[in-house]
Amino acid sequence: MSLNAVVRKPVQPVAPAREPQRRLQPVTRPAVRRKPKLAYALVALGGALAIGAAQVALSLAITQDSFTLAGLSSQQRELSLQTHALQEELTGLSSPQVLANSAAGLGMVVAGSPSYLRLSDGAVFGTGAGADWTSTVNPGGAGAVSNSLIVKPAPTETKTATDDGPSDATTPELPPAITDGLPSPTTR
């Protein structure tokens, strides 16, 4: 095909273009801006202050709670140590060695060979003799093994003051009080 064979559209007459209308106006005096009302400014300032005060109050409450929590944690640690110490003391007091010493102190003795009673006819089997009043077992004797859990009682003797002298009290030696930190040797 040739280029001349292209179908051409009929051309319509073109209307003359209109000029756009100008919308210019003369400058007038600008509108008067109103001052912001004082009440709005005070409300905004009060809101900002309230938010700041709430943040400070929450910060103080959290700080107070952390001090309370630290105090309770130290109290729990002390009670745990006290419970452990009491448990060790109870273990020492319930040891066989302490029980044997307590029984000997109450006058109890080790029984001899056992005797049995037959209920049908009232016959006694065994030696039938009671225990001796002297015990053959000495729990605090030479064969006793030392027990580190047994707390030896502290001396509680006290001498009262008389007219001729001051009183002397026998008390166990206590460790030094720690008031200004740990005790340390004096160095040069």
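Just so it is clear, none of the values below were taken in a lab; they were calculated from the coordinates. Quick caveat, the model's predicted, so the values are computed rather than measured. Positions of Cβ are generated from backbone atoms using ideal geometry, with glycine treated the same way; all protein chains shown enter the neighbour counts.
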Residues whose modelled amide H sits under 5 Å from the amide H of residue 110, counting only those 5 or more places away in sequence or on another chain, are 136, 137
Compactness check, region 38-109: C-alpha Rg relative to the 2.2 N^0.38 Å globular estimate gives 2.71
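Sorting 56, 98 on the 10 Å Cβ count, fewest up front, what's the list? Don't jump to the answer; show the numbers that get you there.
Values: 56 10, 98 16.
Fewest-to-most Cβ neighbours within 10 Å comes out as 56, 98.
In region 40-113, which GluC sites (Glu not before Pro) are in a loop and have at most 16 other Cβ atoms within 10 Å, using DSSP for the loop call?
On the way: sites: 78, 88, 89; in loops: none.
Those that pass, being in a loop and sparsely packed, number zero.
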